[in-house]
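Visitor: Below you will find the structure I want to go over with you.
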Amino acid sequence: MRKATIDRKTTETRISATIDLDGSGRYDVATGVGFLDHMLEQLSRHSLIDLTLKAEGDLHIDFHHTAEDSGIAIGQAVAKALGDRKGISRYASLHLPMDGALTRAAIDVSGRPFLVWKVNFTAPKIGGFDTELVREWFQAFTMNAGVTLHIETLYADNNHHIAESCFKALARALREAIEIDPRQKDRIPSTKGTLAGQ
């Protein structure tokens, strides 16, 4: 059962995240930040990872801590649910079109966190959400999930679509990479014999 719950409490946020890697894309997300909720719902729906996430953050300051800490909590939950990563496909990549935007995602569920981010927004905000927080979420997720992730928006004509295509591209790549490969379901997909990031 590839499920996990993370409860994270700091002076800035209180977050509870529960995931099921083998779910159907059901979600119940409430961060207090509408645009972030929308992106996390896309992540769940298109990865087929069931996600329940409740966050209370210092939104009277800004959305930064809530965005970053939700990425931390979801990343930690993914890493915990994956366990020793035995049997996973490990690698995946795709191009995700969304109207005038095209985003490429490539992932290695390696245990070694690394983010390459080649995404440029043309406005500082989407509604009330700071566009720079999209990268902050991805950085937090990547470091805590223990994945190598490359995200690049090749072209786009809309900032909402840039952000959404990034989350959807991650979702689809993650879905493929964490699937159990029936040809190696009892083996860790590494010549090292471990994907513990060492």
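Visitor: Skip the ligands, DNA and RNA, and give the accessible area per residue of segment 1-42 with a 1.4 Å probe, whole Å². If you can, show how the numbers build up before the last one.
Guide: Numbers: 2200 Å² over 42 residues.
Ligands and nucleic acids excluded, the result is 52 Å² per residue.
Visitor: On C-alpha positions alone, give me the angle between the axis of helix 159-177 and the longest principal axis of the chain, in degrees, nearest 10.
Guide: 10
Visitor: Continuing with the same structure: With runs of 4+ DSSP H residues as the only contributors, calculate the mean residue ellipticity of the chain at 222 nm using -39,500 (n - 2.57) per run, divided by the residue total and rounded to the nearest 500.
Guide: Mean residue ellipticity, 222 nm, calculated: -11000 deg cm²/dmol.
Visitor: Can you classify segment 1-109 as rounded, prolate or oblate using the Cα gyration tensor, where a ≥ b ≥ c are the square roots of its eigenvalues, rounded means a/c under 1.5, and otherwise it's prolate if a/b beats b/c and oblate if not?
Guide: Details: a/c = 1.93, a/b = 1.24, b/c = 1.56.
Verdict is oblate for segment 1-109.
Visitor: Once amide H atoms are placed 1.01 Å from N in the peptide plane, what residues at a sequence separation of 5 or more from residue 96, or on another chain, have their amide H within under 5 Å of its amide H?
Guide: Residues meeting the criterion, in which the H sits 1.01 Å from N, are 103, 104, 105.
Visitor: Could you work out how far helix 64-82 tilts from the main Cα principal axis of the chain, as a 0 to 90 degree angle to the nearest 10?
Guide: The two axes meet at around 10 degrees.
Visitor: If I build a Gaussian network model for the chain, linking alpha-carbon pairs within less than 10 angstrom, which residue out of 121, 138, 167 has the largest mean-square fluctuation?
Guide: With Cα springs under 10 Å in the chain, the top fluctuation among 121, 138, 167 is at 121.
Visitor: Given 0.36 nm per residue, what is the gain on full extension from residue 184 to residue 155 after removing their alpha carbon distance, in nm? Before the final figure, lay out the partial values.
Guide: Numbers: separation 29, 0.36 × 29 = 10.44 nm, distance 3.70 nm.
My answer for the length gained is 6.7 nm.
Visitor: Provide the net charge surrounding residue 94, with neighbours chosen by a C-beta distance below 11 Å and charges set as Lys +1, Arg +1, Asp -1, Glu -1.
Guide: Values: positive: 104, 168, 172, 175; negative: 176.
For residues surrounding residue 94, the net value is +3.
Visitor: If you don't mind, another one. Roughly what would the spin-label model give for residue 62 and residue 84, points 7 Å off Cα along C-beta, in nm?
Guide: The two pseudo-label positions are separated by 4.4 nm.
Visitor: Further question on the same structure: Considering only protein heavy atoms and a 1.4 Å probe, what is the carbon-and-sulfur percentage of the accessible area of the chain?
Guide: Details: 4420 of 9330 Å².
In the chain, the share of accessible area belonging to carbon and sulfur is 47 percent.
Visitor: Full-extension gain between residue 91 and residue 7, please, as 0.36 nm times their residue separation minus the C-alpha to C-alpha distance. Working shown, then result.
Guide: Working: separation 84, 0.36 × 84 = 30.24 nm, distance 2.84 nm.
Answer, rounded to one decimal: 27.4 nm.
Visitor: Placing unit charges on C-beta atoms (Lys and Arg positive, Asp and Glu negative, everything else neutral), compute the dipole magnitude of segment 1-144 about its Cα centre in debye, rounded to 20. Walk me through the intermediate numbers first.
Guide: Values: 17 positive and 19 negative charges, 133 e Å.
Taking the Cα centre of segment 1-144 as origin, the dipole is about 640 debye.
The values are calculated or read from the model by the stated rules, or taken from the named source; none is laboratory data. These numbers were taken from a predicted model, which means no experiment stands behind them. Cβ coordinates were reconstructed from backbone atoms using ideal geometry, including for glycine residues, and neighbour counts include every protein chain displayed. Just the protein is used for accessible areas: all its heavy atoms, side chains included, with ligands, DNA and RNA removed. Shrake-Rupley method; radii C 1.70, N 1.55, O 1.52, S 1.80 Å.
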